[in-house]
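Each remark here refers to the structure printed beneath this line.
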Amino acid sequence: MINIDAKNHVRGTSIYLDDIQEIHGTLFAQPFCAPVAHAKINRINLEPAMAMEGVVAIFTRSDIPGANQIGGIVPDEPLFAEDEIHFWGQPIGLVVGTSEQICRLARKKIEIDFSELPVVTDPRKAARNDSLIVPPRTFNTGNVEDAWEQCEHIFSGRVEVNGQEHLYIEGQGAYAWPKEDDSIYIASSTQGPTAVQRTAAAVLGLPMHKVEVNVQRLGGGFGGKEDQATAWAVMAALAAKKLQKPVKISLHRMDDMMMTGKRHPYSSDYRIGLSKELKILAYEVTHYQNAGAAADLSPAVLERTLFHSTNAYFVPNVRATAYSCRTNLPPNTAFRGFGGPQGKFIIESAIARAASALKVPADHIQKRNLLSEGDVMPYGQKMTEALAKETWEQCAREFDLEKIRQEINEFNATNPRYKKGLAVQPICFGISFTNTMMNHARALVHVYTDGSVVVSTGAVEMGQGVNTKLLQVAAERFGISSDRVKLESTNTLRIANTSPTAASAGADLNGKALEIACDRILSRLKKAAAEKLNAGEIKLANERVVADGEISDMDWEQLVGLAFSKRISLSEHAHYATPNIHFDKKREKGHPFAYHVYGTAIITAVVDCLTGTYEIDRVKLVHDCGKSMNLPVDNGQIEGGLVQGIGWLTLEELLYDEKGKLLSNALSTYKIPDMYSVPGEITIRHYETEGHELAIKKSKAVGEPPLMYGLGAYFAIRNAVTAFNPSADLAINAPYTPEKVLMDLYKKGGGQEKEAVHEAKQTELY
Ligand code: MTE
Ligand code: LUZ
Ligand code: MOS
């Protein structure tokens, strides 16, 4: 089944926030924000801005009727700055006017008198100052201390991995209007409608039942709207309530980039110990997470970093510690993979370093340490279905890894200017919110008397295709054509107390709730049919009632009409909570994930050793979708995730200056993958399996895991650099931008730089 949004998307008839028909009298609003990263506010003069024609109101913290607080996990984030500014771009207030342009002009006239305070952007420095968001956490298994003695090789080092801008195509925004009885309606571009509802209610001093949040769809979220769509929605609601007018906020791209948090940069120290046979016996890692100025989702992201610190490997002795460090950057937040990619990148770096020192291909080490069934992870979960080896083997066999290796070696032996590199990237990603409490969902189904069906769930469509999958579930359950089913917007009045659509679990959680709702209606319908047709067993297929194996005269519409005439309910609301999961934070042990997703990618890169530029040549991968319920949708997720991961580790360079100002603040200075930088070839194969019971229709979650194939791009480039400059000790500092690659190509310690330059220049003449 094709993505149900495809037609509207290509015709431009999909409704995003900015496509909502504006109500007459709508006002526009723009936040004004901190022009420094850390300061005490002495005085704010709003008068010159207020005096401008078209400016209707300017709100600051003193205008908030309820609590000036939007922190989700830790209450440490004001909606509007209090006496202190904590990051560059922190909202101080909101200008409301008759047009967006007027608000932009007006906010320039606001005078903020402040005294600057010292700015910290380095997480290690924050940790030294004891400036932590939450106490550090440690996952422990075996005994690393004792294990070092058994190791033949021990390597240690530091890895820097930078953050990533979400760059959803639809920027942050919201549109709110007042309703009767002090109630408020908020149209929001959020992954978490309930978070918006809860926070708006608290800020406005209203009970939650007076706040209706509606989400039609998102033009991308990628985690950037799991928590950080809330502020703008709450601001719009505040202005709408105060002024009793519709108010719309739509952030300019540069404001969005400056004001919102991103993927967390990490700085990590590792120590890895291997046996003579290259078995990883011990791994110790300390992560310094750059959380930014407020908690946001950082503690949860930190937790997932710990869960994924050993990626797809079994390591018997592990100590992984993580610090969430408070700095003067915008609060960093969820981003596809949610701390998992960083955890994995560090161990892959440790393996790469060990491989360089031992002069073996990294995949020799990787392969020897893949997880097997029955292995227990450092967090206590026993792996019942470990497909790390299986996907690796299928990938190596189908794509002939050894042949690729040989081709690359031959290419490198005869090519002085261009060098190729190869990396193999296995992944293993846990599916479920790591916070067990969040793993539940609800669905509401109405069958109308004409046989059409409407479905509401807590899932938010953000381009990942969850609505298409949910529609498939309902149509299949009822045995009817998919044209009969309509997926409704995500609305807090229809579905309450939702978890955000995140953790790749949107389709699983909401789909399972939907199955339950459909099944309940179905069993009532079947009972009515059985009575009418005097039959034992009733089934529904192809819009027809099948009675005791015989296709009857009764079709879906007649069945629905029959049930209605007998006063049988054609509606159902159902709840689903993932079974079997638990986690004990005191012991840091448990069974947090419903299941894991596996896969292996082979990535090759070619580096121009004269310029440092590179291409990701080919990516060939074997992915575990379980039993995919929609291959085109899943393949779209695999390609998109892969390319987003490659972008993070290669081109996308987030830069703040020492005063905490974002320098990479537009698409001209922040380079994301384009038509020219995506891999020349992406080949996707699926690991054939029966799938997993806890996955919707046995089709495993696919949203986040493929991003982590992108890690291999870094190491493929690194291996190409090593082929050119074999004896240099290369630091690991992602992203591996062409500038950094160029420096590494000619890094001293190679003892051959002059020759290399010489050769390269000669080659160019040909
Ligand atoms: N795909 C598209 N096109 N747009 C997105 O914003 N978000 C990703 C992933 N794929 C995203 C996407 C993230 S971060 C998650 S958690 C999942 O989709 C969420 O959806 P799911 O739970 O339905 O997989
Ligand atoms: N969000 C969250 C997530 O709150 N908990 C998680 O475990 C998670 N995992 C991935 C992405 N978002
Ligand atoms: Mo995705 S980071 O769980 O929104």
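Restriction of the GluC sites (Glu not before Pro) in region 195-281 to DSSP coil positions whose beta-carbon has at most 11 other beta-carbons within 10 angstrom yields E277. For the set W148, W177, W556, the ranking by accessible area, highest first and with no ligand, DNA or RNA atoms included, is W177, W148, W556 under a 1.4 Å probe. Packing around the peptides 470-481, 582-593, taken as the average count of other Cβ atoms within 10 Å per residue, puts them in this order, highest first: 470-481, 582-593. Solvent exposure of region 440-577 amounts to 41 Å² per residue of accessible area, where only protein heavy atoms count and the probe is 1.4 Å.
Scalar couplings 3J(HN,Hα) for region 197-204, obtained by applying the Karplus form with A = 6.51, B = -1.76, C = 1.60 to θ = phi - 60°, are 4, 4, 6, 4, 4, 5, 6, 8 Hz; x denotes Gly and Pro. Accessible surface computed residue by residue for region 277-412, with neighbouring protein chains in place and a 1.4 Å probe, gives 28 Å² per residue. Here the calculated FRET efficiency for A666 and H209, from their Cβ-Cβ distance with R0 = 51 Å, stands at 0.80, rounded to the nearest 0.05. Taking 0.36 nm per residue of separation and subtracting the Cα-Cα distance, full extension of the segment from D519 to E639 would add 39.8 nm. The distance between label points at S452 and A731 comes to 6.2 nm (points 7 Å beyond Cα on the Cα→Cβ vector). Taking the Cα centre of the chain as origin and assigning +1 to Lys and Arg Cβ atoms and -1 to Asp and Glu Cβ atoms, the resulting dipole is close to 640 debye.
Net length available on complete extension from K748 to A530 is 70.3 nm, with 0.36 nm assigned per residue and the Cα-Cα distance removed. Peptide packing for 5-12, 85-92, 364-371 was compared via the average number of neighbouring C-beta atoms within 10 Å per residue; ordered from the highest value, the list is 85-92, 364-371, 5-12. Of the trypsin sites (Lys or Arg not before Pro) found in region 592-640, the ones in coil according to DSSP and having at most 15 other Cβ atoms within 10 Å of their Cβ are K627. Inter-label distance, D674 to D483: 4.2 nm, where each label sits 7 Å from its Cα along the C-beta direction. Peptides 33-42, 309-318, 439-448 ranked from most to least packed give 309-318, 439-448, 33-42, packing being the mean of other C-beta atoms within 10 angstrom over each peptide's residues. Here the extension length gained between A357 and E160 equals 69.0 nm, from 0.36 nm per residue of separation less the Cα-Cα distance. Here K276 is the anchor, and the lysines within straight C-alpha reach of less than 23 Å, apart from those fewer than 8 places off in the same chain, are K359, K367, K389. By DSSP, the beta bridges lying fully in region 440-577 are antiparallel in about 85 percent of cases. Computed on the chain, with alpha-carbon pairs under 8 angstrom and 6+ residues apart, the relative contact order is 14 percent. Restricting region 656-749 to chymotrypsin sites (Phe, Trp or Tyr not before Pro) that sit in a DSSP loop and have at most 14 other Cβ atoms within 10 Å of their own Cβ leaves Y676.
Per residue, region 24-110 exposes an accessible area of 42 Å² to a 1.4 Å probe, with every protein chain left in place. Pairs of lysine residues in region 440-577 that meet both criteria, 8 or more places apart or on different chains and Cα atoms under 22 Å apart, total 11.
Taking E531, E688, E652 and ordering them by how much accessible surface each has at a 1.4 Å probe, largest first, produces E688, E531, E652. Between the amide H of G223 and those of R336, distances stay under 5 Å, these residues lying 5 or more places away or on another chain, with hydrogens modeled in the peptide plane. First compute the accessible area of the chain with a 1.4 Å probe, then give the percent of it belonging to carbon and sulfur atoms. The nonpolar share, carbon plus sulfur, comes to 51 percent.
Simple spin-label estimate for T611 and L132 gives 4.7 nm between the two label positions (7 Å along the Cα-to-Cβ direction from each Cα).
Amide H contacts under 5 Å for G691: K627, restricted to partners 5 or more places along the chain or on a different chain, H placed in the peptide plane at 1.01 Å from N.
The values are calculated or read from the model by the stated rules, or taken from the named source; none is laboratory data. These figures come from a predicted structure and were not determined experimentally. Here the Cβ is made from the backbone with ideal geometry for all residues, glycine too, and neighbour counts use every protein chain on show. Note: accessible area is taken over every heavy atom of the protein model, side chains too, but ligands, DNA and RNA are not part of it. Shrake-Rupley method; radii C 1.70, N 1.55, O 1.52, S 1.80 Å.
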